[in-house]
1. Taking R0 as 35 Å, what FRET efficiency do you get between His354 and Val264 from their Cβ-Cβ distance, rounded to the nearest 0.05?
2. On full extension of the chain, what length is gained from Ala81 through Phe109, given 0.36 nm per residue of separation minus the C-alpha to C-alpha distance?
3. Leaving out ligands and nucleic acids, note down the accessible area per residue over the chain with a 1.4 angstrom probe, in whole Å².
4. Using 17 Å as the cut-off for backbone N distance, which residues of the range 64-100 belong to the label zone defined by a point 7 Å from the Cα of Met1 along Cα→Cβ?
5. Using a 1.4 Å probe on the protein heavy atoms, what percent of the accessible area of the chain belongs to carbon and sulfur?
6. Considering the zone a paramagnetic label at Leu62 would reach in this model (a point 7 Å from Cα along the Cα-to-Cβ line), which residues of the range 238-260 have amide N under 16 Å from it?
7. List the DSSP H helices in the chain whose Cα atoms stretch 15 Å or more along the helix axis and whose mean Kyte-Doolittle hydropathy is at least -0.5.
8. Within the chain, what percent of beta bridges assigned by DSSP are antiparallel, to the nearest 5?
Amino acid sequence: MDKDQQDWKDTRAVLGTFRRGLALAAERLYPDSTVPSSEGSGVITGPDWLPSVPVPLSELELELDTDSAVPAVDGSERQSAGVRPLASAEQRYHRYSHAVRDLAAPRLFENRLCFRLTALDRSHPNLRLQFGTMGFFDSIDTNEALAHEMAAHHLVRDGHGDLGVGRASWRRLTFRKHVGDPFDLARRPLLGAIGTLTIRAGESPSMVLHQRDGGRVVGGGGMAHLLPAGIFQPSSVIPDAVRNDFSIWRNMQREFAEELLGHVEYDGSGRPIDYENREPFAGMDRARGGGRIRVYYLGGTLDALTLSGDILTVAVIEPDTYDELFGAAVTTNDEGRIPARHLPFEANTISRLHELGQLSPGASAAVNLAWQHRRALLARS
């Protein structure tokens, strides 16, 4: 049992180091689903998941169905046994999240209520996203199990003994085969994480990225991510909060407050937030109402490695408004570092970020899509 658990922990540890390379390998397993202009970024997308132009957030409709059907795949199936270590001499851990909890728990690891993406409806007059509910650990049981399986069978040593990512192959990917079509949102629980590319507009536009710490978070450690980025979830399990927080904009506002301003109280246990009267939320609302913050939906993507979902958005903020709202921005937070608050939003910088290979799949896709639509995004109405 001890050796089995140690092998599991060793694979889990190197998974963080090789996460991007494994995502690139996983992307090659889905050759018909790559994101245009983002091939080789480790991200895939479904049919009609990307609108032809950015959609103003006000034109995106959300629908919540708390009685949505239970998904067929939850990570406890026999096909996932190979990535669930022994809990005792006779029995394996029932779920991947149980193993993470006992053997490799990061500092932030709580099973909070989340909104589960169940459908993207393009037949509606406005683009509509449909959601149910799920627990955070439901995603760990599938997403991180898929990543672990990929690491276990695709990390190989060369003739010098150095570890690297081998050629992409479906061989021995038992659980990934069982998951099947990654875009069948009824088959598995898909967490609707919201990733926002924040652009400080003006004559020299700039963007913000976030270096996530693998010792503090369970997924995506060691990579540069969008900021803000966070799981689509309510600020509290109180029913009024669940209803009030079923909003992409409200979720973005809380993540701005947490990741850029260091707020820590939106942990799922407090009272509903009075957005209309509490700062910085009220100030953000005024700025958005006055056109000084413009928010767009870029589309939906999946990290090819974990098959976790990203609802990609971009927030274009006028320079004076950005400085007023985030002039006191922190340089570290509970999830990692903010090494550069003002990276130039220009071709040379974007090319360099890709060359360094540190962008997470979601960040890579959002940056590429925003650059593709930069004239429309940066044009003031």
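1. Computed FRET efficiency for His354 and Val264 comes out at 0.60.
2. 7.9 nm
3. Per-residue accessible area for the chain comes out at 43 Å².
4. So the set is 84-95, 98-100.
5. After summing per-atom areas, the C and S share lands at 46 percent.
6. Output list for this probe position: 238-257.
7. What comes out of the filter, once short or polar helices are dropped, is 361-372.
8. Of all bridge pairs located within the chain, approximately 70 percent are antiparallel.
The values are calculated or read from the model by the stated rules, or taken from the named source; none is laboratory data. Just so we're clear, the structure is a prediction, and the values are computed from it rather than from any experiment. As a convention, Cβ positions derive from the backbone with ideal geometry for all residues, glycine included, and neighbour counts pool all protein chains shown. When the accessible area is computed, the model is the full protein with side chains, heavy atoms only, and any ligands, DNA or RNA have been set aside. Shrake-Rupley method; radii C 1.70, N 1.55, O 1.52, S 1.80 Å.
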